[in-house]
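Written out below as structure tokens is the structure these notes cover.
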Amino acid sequence: MRLEGEGKLLRIYVGESDRWHGKPLYEEIVRLARAEGMAGATVLRGLEGFGADSHLHTARILRLSEDLPIVIEMVDTEERIDAILPLLDPMILEGMITVERVHIVSYRSSKSPDH
């Protein structure tokens, strides 16, 4: 698969303890992205952060069990990002979703026929 040119970056900010049907929300978002044929998804675990409730979530030694921030990022075509947004909406009960335009310089799979 090759992907180049104009696209969108989708970022989803949730908590590590957030769940969807009893499973970790970030895992279910990645599963959905894969099922919907997205180019890819990456989950990033934050060391510290706060959200709308201003409650500090941190990985400092004394507070290891806190609900750490999670960011899921996906880059794909505008059409694919726009198509997955309505599917994500009911899943995100707390958190934030952002979308921004990006210019994709290179995205290639090792399974591309030209390799």
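Worth pointing out:
- In the chain, helices alone account for a calculated mean residue ellipticity at 222 nm of -6000 deg cm²/dmol, with every DSSP H run of four or more residues adding -39,500 (n - 2.57).
- Model label sites at Ala83 and Leu47, defined 7 Å from Cα along the beta-carbon direction, differ in position by 3.9 nm.
- Binned Cα-Cα distance frequencies in the stretch 5-104 - 10 Å width, integer %: 15, 47, 28, 9, 1
- Highest-first packing order for the peptide set 68-77, 21-30 is 68-77, 21-30, based on the mean count of other beta carbon atoms within 10 Å.
- Tilt relative to the chain, helix 78-88 - C-alpha long axis, 0 to 90 degrees, to 10: 30 degrees
- Placing a pseudo-label 7 Å from each Cα along the Cα-to-Cβ vector at Arg2 and Arg101 gives an inter-label distance of 2.4 nm.
- A Gaussian network model of the chain, with springs between Cα atoms under 10 Å, assigns the largest mean-square fluctuation among Arg101, Arg19, Arg80 to Arg101.
- Neighbours of Ile81 by Cβ distance under 12 Å: Lys/Arg scored +1, Asp/Glu scored -1, total -4.
The numbers here are math on the coordinates, done by the rules we state, and not lab data. Everything numeric in this text was worked out from a predicted model, so none of it was measured. Every residue, glycine among them, receives a Cβ derived from its backbone with ideal geometry; neighbour counts consider all protein chains shown.
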